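Remarks on the structure that follows.
The values are calculated or read from the model by the stated rules, or taken from the named source; none is laboratory data. These numbers come from a predicted model, not from an experiment. For neighbour counting, all protein chains shown are included, and Cβ atoms are generated from backbone atoms with ideal geometry for every residue, glycine included.
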Amino acid sequence: MTQNTSRHESHDAPHRVVVIGTGFGGLFASRKLAKAPVDLTIIGNTSHHLFQPLLYQVATGVLSQGEIAPATREILRRQKNAKVLLGDVTSIDVEARTVTSKTLVGETVTPYDSLIVAAGAGQSYFGNDHFAEYAPGMKSIDDALELRGRIFGSFEMAELIDNPVEVEEWLTFVVVGGGPTGVEMAGQIAELAHNTLRKDFRNIDPTRARVLLLDAAPAVLGSFGDRLSQKAKEQLESLGVDVQLNVKVVGVDSSGVDVIDPDGSPRRIASRAKVWAAGVAASPLGRTLAEQTGADLDRAGRVKVQPDTTLPGHPEIFVIGDMMALDGLPGVAQVAMQQGKYAAKTITHRLRGKDPLPPFRYFDKGSMATVSRFHAVASVGSHIRLAGFIAWLMWLAVHIVYLIGFKNRVTTLMHWAVTFIGRGRSERVATEQQVFARMALVRDKAEKEAAQAVGEVKEPAARR
């Protein structure tokens, strides 16, 4: 069944704004339009807003998913001009100015006068998408819950095995990618093994678990500068993390990882639990827009936008956050937040007949990454470089401020107290469904698409 939400236009009808995506860019744009004379529709492929910087803490049992993923409807419930629709956007018709989204019950076609595309980015396996079956990324709640099941499940499996070689496989954790996500994930797994779980098992010693952090680059947290990069590496090594740099991953399967060492020699790492935190790929909607508008894409699939974040020749379409390429801006939350506000303000100015805004300028508020309990690194501006407890307090404060909802802030602080002061983990529940459901859904979708393709081929043949 197809539902069409279009209506007859009149001069009195409010300006229709559609926002695709409920991440930082989409949410900040939507909230900025709260008092604008617009009819706002937000379309998201999930029912929640995800605070992605804390996703690794869901995967390692520190936080529950609800604390970092409040319902979008709840966030915007008091915003009278906003309507939230669940759906996976499958197409954008630039000429007709419509967005088509799909759910289990059918398709919804939503018209727009202005469109803000903030669909974000997914995990990139650099052309090796089959790695995803064995090494989940860190882009969604599903990913985090699957990783939680794999991490805690590895200790449970090791407890049942007598063969020491197999035990070592189950107690070897490989994290691919030396950026903030990889560093934070490796640090948390090490603290989990060496502190939280050390007295919980009888047949194995969790403190003997190996945590490997692999990266093809010569440094971890390379964007933070040499000094902070070295500080982070030293802190990880003090936790027992084996940091291996200039190492290229060339294969991933159920029982391990194949790598090429700096000297060019191949090596096999036996491991049952792998985490992929090495790259991102822009939403496929970027290519859809490029094909219809003639906009260029960069190597990561991001759309090259105008200085006001619109598409060339289409001032009504804004592309923001991880989907756009502009002046070499990084794919971080702060860029998406600021661009979301900018796009919303631009639309409001146009409707009120005000002068155009100057080109978008990003105000860099700095970058932070937590390495372990009471230790983080922070880079603010061109001069401030901090590592240690002070940086960790800054990281704590910033993340609490940007969490959505008072309730979530309070419960997050309580869970952090349990973890950082008492070394416990409040969210250790893991199920087989969490581990296997993602790939089951992927296979089901592939089978349905294959069946549909066969049907489409047979239908023209039957007509002949």
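Things to note:
Yes/no per residue for (1) in contact with a Pro (Cβ under 8 Å, 6 or more places away or on another chain); (2) among the polar types (S, T, N, Q); (3) within 22 Å of T181 (Cα to Cα):
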{"site": "R202", "(1), (2), (3)": "no, no, no"}
{"site": "L221", "(1), (2), (3)": "yes, no, yes"}
{"site": "R287", "(1), (2), (3)": "no, no, no"}
{"site": "A300", "(1), (2), (3)": "no, no, yes"}
{"site": "K304", "(1), (2), (3)": "no, no, no"}
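- Any hit, the stretch 383-394, residues being surrounded by 14 or more Cβ atoms within 10 Å (Cβ to Cβ) and in a loop (DSSP other than H, G, I, E, B): no
- Test for P53: is it in contact with a helix residue (DSSP H, G or I) (Cβ under 7 Å, 6 or more places away or on another chain), surrounded by fewer than 24 Cβ atoms within 10 Å (Cβ to Cβ) and closer than 30 Å to R423 by Cβ: yes
- The lone exception for V58 - which of (1) farther than 26 Å from H314 by Cβ; (2) of a type outside the set (K, R); (3) not in a helix (DSSP H, G or I) it fails: (3)
- Consider the stretch 395-412 and keep the residues that are exposed (fewer than 14 other Cβ atoms within 10 Å of the Cβ) and not small (G, A, S). The one that is nearest to R227 (Cα to Cα) is V401.
- Exclusive hit being surrounded by fewer than 21 Cβ atoms within 10 Å (Cβ to Cβ), of a type outside the set (A, V, I, L, M, F, W, C), touching a Lys or Arg at 6+ places or on another chain (Cβ under 9 Å) and in contact (Cβ under 8 Å) with a residue 60 or more places away in the chain, set Y134, Y125: Y134
- Strands (runs of 3 or more DSSP E) contained entirely in the stretch 81-172, each with at least 3 residues that are touching a strand residue (DSSP E or B) at 6+ places or on another chain (Cβ under 9 Å) and not hydrophobic (A, V, I, L, M, F, W, C): 88-93, 98-103, 106-111
- Restricting A82, A96, A69 to residues that are within 28 Å of K35 (Cα to Cα), among the hydrophobic types (A, V, I, L, M, F, W, C) and surrounded by fewer than 18 Cβ atoms within 10 Å (Cβ to Cβ) narrows the list to A96.
- Scan of the stretch 11-40 for residues that are surrounded by fewer than 24 Cβ atoms within 10 Å (Cβ to Cβ) and touching a strand residue (DSSP E or B) at 6+ places or on another chain (Cβ under 6 Å), ordered by number: P14, H15, R16, V38, D39
- A Cβ distance below 6 Å, combined with a sequence gap of six or more or placement on separate chains, defines the contacts here; from the stretch 307-335, residues that are over 21 Å from E95 (Cβ atoms) reach residues that are crowded, with 24+ Cβ neighbours inside 10 Å and among the basic types (K, R) in the pairs M324/R302; A325/R302.
- Among the residues of the stretch 7-31, not one is part of a strand (DSSP E or B) and at pLDDT below 95.
- Residue in the stretch 99-120 that is at pLDDT below 95 and closer than 21 Å to L311 by Cβ present: yes
- If you filter the stretch 349-374 down to residues that are under 30 Å from V62 (Cα atoms) and out of contact with any strand residue (DSSP E or B) (no Cβ under 6 Å at 6 or more places or on another chain), you find that the one that is surrounded by the most Cβ atoms within 10 Å (Cβ to Cβ) is V371.
- Of the strands (runs of 3 or more DSSP E) lying entirely inside the stretch 218-316, the ones with 3 or more residues being out of contact with any Cys (no Cβ under 8 Å at 6 or more places or on another chain) and crowded, with 20+ Cβ neighbours inside 10 Å are found at 273-276.
- Residue within the stretch 431-440 that is aliphatic (A, V, I, L, M), surrounded by fewer than 14 Cβ atoms within 10 Å (Cβ to Cβ), on the phi < 0 side of the Ramachandran plot and assigned to a helix (DSSP H, G or I) present: yes
- Flag for A446 being of a type outside the set (S, T, N, Q), assigned to a helix (DSSP H, G or I) and loosely packed, with under 11 Cβ neighbours inside 10 Å: yes
- The conditions of being part of a helix (DSSP H, G or I) and on the phi < 0 side of the Ramachandran plot are not met by N203.
- Verdict on I269 being more than 20 Å from the chain's Cα centre (by Cα), among the β-branched types (V, I, T) and under 28 Å from A59 (Cα atoms): yes
- Residue match in the stretch 153-173 (condition: crowded, with 23+ Cβ neighbours inside 10 Å, in contact (Cβ under 8 Å) with a residue 12 or more places away in the chain and out of contact with any helix residue (DSSP H, G or I) (no Cβ under 6 Å at 6 or more places or on another chain)): no
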